[in-house]
Amino acid sequence: MPGEKVFVQSATGVDLTLNIAGPGHRSYAFIIDWHIRLLLAGAWLLLAGFFLKLSLNARSHDALLSLLPAAVLYFLYHPILEVAMRGRTPGKRMAGLMLVDRSGGTAGTTALLIRNLFRLVDCMPALYVVGLVSCFFTAQRVRIGDMAAGTLLVLDDAAAEQSLTRLEALAARSRKLSLSMLVPM
């Protein structure tokens with residue numbers, strides 16, 4: 001699986017070689033994005049509770065006013081940011097990934113929206129099982145949404161290298177912790 005590539009012939013005669021992102025890269029980016037979505041939705045709920053004095057009481061209309069914006073933040077995060085950031089989200093950017101169409105170009109708005117519509121299928125039955133399994137068993141490591149939209153998730157080599165360097169630095173620093181630092185005496 002490592003080092004899988006897709007070769008794209010371009011009209012200009014300059015052929016592209018794209019490194020396909022596997023399930024590990026996808027999962028890393030998704031976990032980053034999931035945390036950002038959760039923090040944004042949670043921040044809204046806190047702000048609504050403190051400043052707007054909205055409660056989550058089921059008998060109150062306040063619950064709808066509190067939960068609806070949080071749900072919109074959570075569920076529209078991927079489609080809005082992928083369209084606005086041309087095939088990336090903060091998680092994809094941090095992981096060194098980008099979405100492209102099958103010809104290696106920037107994925108269009110329609111393709112990105114179709115891809116995200118199929119996110120509902122990919123996340124079934126829970127924890128992105130369908131999407132993750134399809135990444136293991138498809139030739140280009142794509143999920144159902146990518147198949148429907150004609151997109152590929154590929155490594156942006158320079159950004160992926162920076163991401164790997166950051167992870168290695170974090171891992172090196174974490175090894176320096178001694179047990180005496182973690183356990184109060």
Handout entry: Solvent-accessible area, 1.4 Å probe, carbon plus sulfur percent, for the chain
Key = 72
Exercise for the section: Treating the Cα atoms of the stretch 103-167 as identical point scatterers in vacuum, please give the log10 of the normalised Debye intensity I(q)/I(0) at q = 0.13, 0.19, 0.22, 0.29 Å⁻¹, two decimals. Expected result: -0.42, -0.81, -0.94, -1.10
Handout entry: Selected from G150, T110, L68, residue furthest toward positive end of dipole (the chain; charges at beta carbon)
Key = L68
Practice task
Go ahead and estimate [θ] at 222 nm for the chain from helices alone: -39,500 (n - 2.57) per DSSP H run with n ≥ 4, summed, over the residue count, rounded to 500.
Solution key: -17500 deg cm²/dmol
Exercise for the section: Express the accessible area of the stretch 1-138 per residue in Å², computed with a 1.4 Å probe while the remaining protein chains stay in the model. Expected result: 60
Exercise for the section: Report, to the nearest 10°, how far helix 62-75 tilts away from the longest principal axis of the Cα atoms in the chain, using its own Cα long axis and a range of 0 to 90°. Expected result: 20
Fill in the blank from the handout: In Å³ per residue, the alpha-carbon convex hull of the chain encloses 179
Handout entry: Two-site label geometry, F7 and W34: point separation in nm, points 7 Å out along Cα→Cβ
Key = 3.7
Problem - In nm, spacing of pseudo-spin labels at I80 and C123 (7 Å Cα→C-beta vector) - result: 1.5
Exercise for the section: Calculate how steeply helix 23-50 sits against the longest principal axis of the alpha-carbon atoms of the chain, using the helix alpha-carbon long axis, and give the answer as 0 to 90 degrees to the nearest 10. Expected result: 20
Handout entry: Spacing of the two label points (7 Å from each Cα toward its C-beta) at L132 and H61, in nm
Key = 4.2
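The values are calculated or read from the model by the stated rules, or taken from the named source; none is laboratory data. Keep in mind that this is a model prediction, so the values were computed, not measured. We place every Cβ from the backbone using ideal geometry, glycine too, and count neighbours over all the protein chains shown. These accessible areas exclude ligands, DNA and RNA; they are computed on the full protein's heavy atoms, side chains included. Shrake-Rupley method; radii C 1.70, N 1.55, O 1.52, S 1.80 Å.
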